[in-house]
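Colleague: This is the structure I have questions about; it appears just below.
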Amino acid sequence: MSTIELERPRASSYKLRVIDCDIHPAMTSWTEVHPYLEARWIEHLSVYGSHLRHAFSEALSHPRMSPDAARIDAYPEEGGPPGSSLELMRKQHLDPNGIEVGMLIPLRWNPGSQRNLDLGAALTRAMNTWQVERWVKQEPRLRASVLVAQEDTVASVAEIDARGGDPNFTQILILPKTDEPLGRRRYWPIYEAAVRNNLPITIHVGGTNGHPSTGGGWTSYYMEEHHSVAQTMQAVVASLVFEGVLERFPQLRVVIMEGGLGWVPSLNARMDKHWARLRSEVPHVRKPPSEYVREQVWFSTQPMEEPATSAELIDLFDRIGWDRLLFSTDYPHWDFDDPRYAFRANLTQAQREQLLYENARKFYRLD
Amino acid sequence: MEGNGLVAGLDQARTYAGAIDCDLHPAVPGMGVLLPYLNDYWREMASVRALDRLNLSLTSYPQNSPLSCRPDWLLPDGAKAGSSLEAMKDHVLDRFRPRYGILNCLYGAQVLHSEDMAAAFCRATNDWIRDHWLNHDLRLRASIVIPSHSAELAVAEIDRRAEDVRFVQVLMLASGETTLGRRHLWPVYERAERLGLAIGIHAGSAYRYAPTAVGWPSYYVEDYVAQSAAFESQLQSLISEGVFAKFPRLKVVAIESGLTWLSGFIWRADKTWKGVRAEVPWVTRTPSEIIRNHVRFTVQPVDAADEGEAIMRLADHIKSDELFLFSTDYPHWQFDGDAVLSGGLSDAFFRKIASENALATYSRLARAGRIVEAVP
Amino acid sequence: MARHVVATVDQIPPGQRLLVQVNGREIGIFNVEGEYFAVANRCPHEGASLCKGRIVGLVEATGPGDYQYSRRGELLRCPWHGWEFDLRTGRSWCEPDRTRVRSYELKVESGGALIEGELRAETFQVTIDKQYVVLEI
Ligand code: FES
């Protein structure tokens, strides 16, 4: 009988240096955004709340197995949800895990999924300012994301142009459950603005659009729902390829965040194979789909795949391309990955540094 | 292995002699052929409503798309690919000489919204398959087409075929009205298990919903690419809902699923299960183990450039060589010439894929072996 | 192997836990309805502080929908990814043979007995009339 034993590496033998591409900041109270939100929307939210395409006005469609989908050791002593205390974030995450830079991914309110487009746009403006004021200005290790309400492309483009020159922002954030697949033309002005402002587009799991989480209907259990985000992300990648976004915007760089990795080689092969048969339908896709993916799409690592052997994981990284992997923890969520133990593989020190630090440094041009 | 050059160029094809082809598509040429199998009511409706002039080809397989039909398997005069038994013999049965071929008829009957209409046309389709295919070629077996959105009517149709052991499987689409694990469908699984019928899940959608969770793509190729994701979702559904806990002898065959997605699936599913299994405590084994015990996969298409190696790799990941079943997917265009599977497989593994695995999956194949004479 | 007095029994009421340090190791002491168990405060999966997890019962099923609940308070659910560990054995529910958290021998002894024997009371003044939780490491 073998027992898995984790021994924490001695602090002196190995200095962690990490760029965490996925940290979720939360609000102690929603009044935190009041200074940045027009009175009309404060009142609107107090009276009508969120107006989304699912059954619960305040809760997610599938209750998680942990409250707030969070690590249960991440609740601040002073109260408030996990992710709301900078002090705890520093003490529990940034300091001990060697986080030199952390990318903020704010998820509250799902602005891009709000059916009221004006509300969605107002929320993105407020939350973008909130990220800077409440987090980045207080903690130089953190960076903000330009959250956009993608269904209103005019407002999205305006917000991207407004933030584009601000070094506090490193990327544009969209949640994948959009009204239509993200490759459709209605969203192209956003990609144009991204390229114009030299910002990558990060697509982080989430959103709600009224479509079931599978092509064959709704899932009953969280176990299925949690799994389905990997299929959702496959559809996003296929859409960006086949609708011609990656061809049309060769400068565009996309991050698929928290959508898993295990499917990437298989999706690439599938797209290539069937593109070869059906390319007369999509003449605007000029080269094998996997080439677009290899050149323009990056993947965050969490939740890390855990194959049975180290060799399988290394083989997976080989197939995706080591330089396309961006380490992320998802702090403070329940499926958090610890930079020391996330990769269950025999990595060289150079590989480890590449995954934990170098790739993101280059990708986000952090010099 | 046989075929020493009697017919030029057949060497490679004969590699597959004696195999069991688990995915052949006979096409209903038009609803007219089903009319004799409808009752008076539906026959009159067919005429009054001109149902017989409807083309119920599935959106999942546009009739003339290159994927729906390999160019050299097209039929003369624009006839639907797969609609001729003579052509199927020529292209597959006499060429590759499989021991059995399993017919999976993809036709609109199973996705009609009206449960009654769907049931009537499914029944007619199965009768037509029996009379015009099974009765004409001893090598053929078939899947039972059912109105899967009505468990009651589906069970009735399965019962109607119970005695005819040439029906070896119940056919469902990868995307129907509800996820396939849902309890209201369990009577179908109960019956299948009892009668020794596998449940075949074939790529395809009833389009009750957008084919992806992010909505409707613009192009057919995206729909087709999304089919493999639909299989992932359905496996997760069958596992989470406890279908295999409830029906421990049930076998599910994923047909035309693309295959290589399975590695990523088990990594993610096994990991997730460890954290959330209290939600579904009837799932007492890892999803990968459940798949090993209950789920099989046909091997066309293999979503990989190196097909044989990819299957070997997959067998390694899933720790079993019993999961994969030979198929040509005729007349769909998944391979060229006679190279159904490109190299890399060991001989022993090839034999398993070619027929041993299918014999273990379709228990009715052994029973059907006793049929010695077809009744034309 | 040395014995360490780590707590008095009344410091850990039923259903509660106490985190102690012994020889530089963090160990959680759990009182399950009057029985005491000790496990390392490190999840064998990715190293979470396991003893901060929720104390739960054992959830099983005789079939889909037939939830069977037993052994209230005898399992520990990791605060991160939710793997469940049996406090009696340290074994994980999903991979009992492969993945387990280190568990330790515990005894409850009276102060009198302790004073008579050889022991190390690192943090405690042991008095004769109290009951103590003693850990063997
Ligand atoms: S760290 Fe405990 S379950 Fe992952």
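Colleague: Quick one: which residue in A:Arg196, A:Arg185 is over 28 Å from B:Gly176 (Cα atoms), within 14 Å of chain B (Cβ to nearest Cβ) and open to solvent by 40 Å² or more (accessible area, probe 1.4 Å)?
Modeller: Result: A:Arg185 is the single residue among A:Arg196, A:Arg185 that is over 28 Å from B:Gly176 (Cα atoms), within 14 Å of chain B (Cβ to nearest Cβ) and open to solvent by 40 Å² or more (accessible area, probe 1.4 Å).
Colleague: Restricting to segment C:20-47, what's the tally of residues that are under 23 Å from C:Val126 (Cβ atoms), open to solvent by 10 Å² or more (accessible area, probe 1.4 Å) and within 16 Å of the ligand (Cβ to nearest atom)?
Modeller: Counting residues in segment C:20-47 that are under 23 Å from C:Val126 (Cβ atoms), open to solvent by 10 Å² or more (accessible area, probe 1.4 Å) and within 16 Å of the ligand (Cβ to nearest atom) gives 1.
Colleague: Also: Hey, among the residues in segment C:62-92 that are under 20 Å from C:Glu33 (Cβ atoms) and more than 13 Å from the chain's Cα centre (by Cα), which one's most open to solvent (accessible area, probe 1.4 Å)?
Modeller: C:Arg72
Colleague: Let me ask another. Restricting segment B:154-179 to residues that are closer than 18 Å to B:His113 by Cα, open to solvent by 10 Å² or more (accessible area, probe 1.4 Å) and not in a helix (DSSP H, G or I), which is farthest from the other protein chains (Cβ to nearest Cβ)?
Modeller: This residue is B:Leu173.
Colleague: Let me ask something else about it. In segment B:186-272, which helices (runs of 4 or more DSSP H) lie fully inside it and hold 2 or more residues that are under 16 Å from A:Arg270 (Cα atoms) and without any contact (Cβ under 8 Å) to a residue 24 or more places away in the chain?
Modeller: Correct list: B:220-241.
Colleague: Just checking, which of C:Arg100, C:Arg54, C:Arg72 is within 20 Å of A:Met65 (Cβ to Cβ) and in contact with a Gly (Cβ under 6 Å, 6 or more places away or on another chain)?
Modeller: Within the list C:Arg100, C:Arg54, C:Arg72, the selection yields C:Arg72.
Colleague: Answer yes or no as to whether C:Ile55 is outside any loop (DSSP other than H, G, I, E, B), among the β-branched types (Val, Ile, Thr) and within 16 Å of the ligand (Cβ to nearest atom). Lay out the reasoning, then the answer.
Modeller: Numbers: outside any loop (DSSP other than H, G, I, E, B): yes; among the β-branched types (Val, Ile, Thr): yes; within 16 Å of the ligand (Cβ to nearest atom): yes.
Here the answer is yes, as C:Ile55 does meet what is asked.
Colleague: Go through (1) touching a helix residue (DSSP H, G or I) at 6+ places or on another chain (Cβ under 9 Å); (2) among the aliphatic types (A, V, I, L, M); (3) within 16 Å of the ligand (Cβ to nearest atom); (4) within 15 Å of B:Arg277 (Cβ to Cβ) and name the single condition C:Leu75 misses.
Modeller: Among (1) touching a helix residue (DSSP H, G or I) at 6+ places or on another chain (Cβ under 9 Å); (2) among the aliphatic types (A, V, I, L, M); (3) within 16 Å of the ligand (Cβ to nearest atom); (4) within 15 Å of B:Arg277 (Cβ to Cβ), the lone unmet condition for C:Leu75 is (1).
Colleague: From the list C:Thr62, C:Thr8, C:Thr89, which residue is without any contact (Cβ under 8 Å) to a residue 12 or more places away in the chain and of a type in the set (S, T, N, Q)?
Modeller: Details: C:Thr8 fails: without any contact (Cβ under 8 Å) to a residue 12 or more places away in the chain; C:Thr89 fails: without any contact (Cβ under 8 Å) to a residue 12 or more places away in the chain.
Every option except C:Thr62 fails the conditions.
Colleague: Another question, if that's okay. Taking into account only those residues within segment B:342-366 that are at pLDDT below 85 and more than 14 Å from chain A (Cβ to nearest Cβ), which is surrounded by the most Cβ atoms within 10 Å (Cβ to Cβ)?
Modeller: Among those that are at pLDDT below 85 and more than 14 Å from chain A (Cβ to nearest Cβ), it is B:Gly344.
Colleague: I'm trying to understand the selection: among the residues of segment B:306-320, which are closer than 16 Å to B:Asn357 by Cβ and either facing another protein chain (nearest Cβ under 10 Å) or open to solvent by less than 60 Å² (accessible area, probe 1.4 Å) (or both)?
Modeller: B:Gly308, B:Ile311, B:Leu314, B:Ala315, B:Ile318, B:Lys319, B:Ser320
Colleague: Determine which member of the set A:Thr153, A:Thr170 is away from chain B (no Cβ under 14 Å) and in contact with a Pro (Cβ under 6 Å, 6 or more places away or on another chain).
Modeller: Details: A:Thr170 fails: in contact with a Pro (Cβ under 6 Å, 6 or more places away or on another chain).
Of the residues listed, the single one that is away from chain B (no Cβ under 14 Å) and in contact with a Pro (Cβ under 6 Å, 6 or more places away or on another chain) is A:Thr153.
Colleague: Here is a further query. For segment B:259-284, how many residues are out of contact with any His (no Cβ under 9 Å at 6 or more places or on another chain), more than 16 Å from the ligand (Cβ to nearest atom) and more than 12 Å from A:His227 (Cα to Cα)?
Modeller: 8
The values are calculated or read from the model by the stated rules, or taken from the named source; none is laboratory data. All figures in this text were calculated on a predicted structure; none of them were measured in a lab. Glycine gets a Cβ as well: all are built from the backbone with ideal geometry, and neighbour counts include every protein chain shown. These area figures cover heavy atoms from the full protein model, side chains too; ligands, DNA and RNA do not enter into them. Shrake-Rupley method; radii C 1.70, N 1.55, O 1.52, S 1.80 Å.
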